[in-house]
Amino acid sequence: MRWMPIVTGLQVFIDMLGSEAVPAAYGHNYGNVALAGWQQITPDLGLDREVLAKIQAEIEAYAPIPLFEE
């Protein structure tokens, strides 16, 4: 994408209008797999399983994402 102030701003605005309706299997809608993904790409920060379970429970309670059905 090349930045052109009005054109690019309008493109981003239109794209953002539909960004909340992305199914769980597409886009940047990671749902409850966010913690597992971060664990795979970051070094061990010394968090024990209990802390990780609390974080996972919070993620699942805060942002449930329905499964995508084709």
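The values are calculated or read from the model by the stated rules, or taken from the named source; none is laboratory data. Computed from a predicted structure; not experimentally measured. Note that each Cβ is placed from the backbone with ideal geometry, even for glycine, and that neighbours are counted across all protein chains shown.
Summary table
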| item | result |
| --- | --- |
| Residue among Leu10, Leu35, Leu47 that alone is touching a residue at least 24 places away in the same chain (Cβ under 8 Å) and among the hydrophobic types (A, V, I, L, M, F, W, C) | Leu35 |
| Complete set of residues in region 55-70 that are at pLDDT 70 or above and surrounded by fewer than 11 Cβ atoms within 10 Å (Cβ to Cβ) | Ala61, Tyr62 |
| Selected residue (criterion: surrounded by the fewest Cβ atoms within 10 Å (Cβ to Cβ)) from residues of region 21-35 that are part of a helix (DSSP H, G or I) and modelled with pLDDT under 85 | Ala21 |
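For every residue, the table says whether it meets (1) of a type in the set (A, V, I, L, M, F, W, C); (2) touching a helix residue (DSSP H, G or I) at 6+ places or on another chain (Cβ under 8 Å); (3) modelled with pLDDT under 85; (4) over 29 Å from Glu58 (Cβ atoms).
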site: Arg2; (1), (2), (3), (4): no, yes, yes, yes
site: Gly9; (1), (2), (3), (4): no, no, no, yes
site: Ser19; (1), (2), (3), (4): no, no, yes, no
site: Gln40; (1), (2), (3), (4): no, no, no, no
